Amino acid sequence: MDTSAFRMRLYQILEPAKPGDSASYLFDAFITVVILISIVVMILGTVPQLQDNYHILFSILFFFSMTVFSIEYPLRLWSCTADPRYTSTVAGRLKWAVTPFAIIDLLAVLPFYLEVIVGINLTGLVVLRVFRLFKLVRYSESINLIIRVIKSQRNTLFTAYAVLFIALIASSTLMFEIEHPVQPDLFSSIPATMWWGIVTLTTVGYGDMVPVTPAGKVLGGAITLIGIGIFALPAGLLASGFTAELKRQVAEGEVTGPDRPSAVYLCPHCRKEILENELWRRD
């Protein structure tokens, strides 16, 4: 096998598996397990008792996952030129390196090298470890479906959240004008009052900022009711987006086998709906 063919095969294995590619399926399963192990170790390592009792096991699993990620990234960087989008030896690899998944792969291992090798130990580096979780996005069709739906509905979602932002500013400004003379410490400014607006519009209601004037209570109740309706908009948009995306996949043949939704037929006698997979033929 020449270098080009080997690079192409390696690229196919590292990318999410295509139907019938058992080697790629095995790699997907392996890397998914490694990602989950690294996340579990990161979470359980923050429990002092577990860290004291199992620090050796945690260290072994941590270094194992970092070794796998450290090997995976350069292999992806080397084999990415098999993709027609990144054929150039230098420019193609640089173009691949700034793609979202490549950045996630890099950030998944960057804290390890900054802390262990370079000696930099910053609190912010702990946040970068969360990027290991995002590596699962590459191998999860469900998560990719969510991303596609959000992209398809991005304009409508932007409008819905713009309305929510306007409601937040308006409610916070009104509540500040009403409650500031009575509670200057809590409702000290409009930005400070926006915290009340957020927890009220989302109907969370922590109770740390509560209006005490009659006008403030009336406004708070009205904003709560408005928040219920406004926050239902993105949920409805995403639901319709999921339905449209699934219909598109079925129409284009992307969903097959047991995952394909069954067609619905109407019984001519009782008018009852019958799924296609429930039909049977009498010999």
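The values are calculated or read from the model by the stated rules, or taken from the named source; none is laboratory data. No experiment lies behind these values; they were computed from the predicted model shown. Positions of Cβ are backbone-derived with ideal geometry, glycine not excepted, and every protein chain shown enters the neighbour counts.
Things to note:
- The range 124-166 - residue that is of a type in the set (A, V, I, L, M) and buried (at least 17 other Cβ atoms within 10 Å of the Cβ) and, of those, modelled with the lowest pLDDT: L128
- Test for S188: is it among the small types (G, A, S) and modelled with pLDDT of 85 or more: yes
- Of all residues in the range 185-233 being under 19 Å from A160 (Cβ atoms) and small (G, A, S), the one that is surrounded by the most Cβ atoms within 10 Å (Cβ to Cβ): G197
- Taking the numbered list (1) within 15 Å of L110 (Cα to Cα); (2) surrounded by 12 or more Cβ atoms within 10 Å (Cβ to Cβ) in turn, I71 passes all entries but (2).
- Helices (runs of 4 or more DSSP H) completely within the range 1-102 that count 1 or more residues being touching a residue at least 40 places away in the same chain (Cβ under 8 Å): 3-14, 22-44, 48-79
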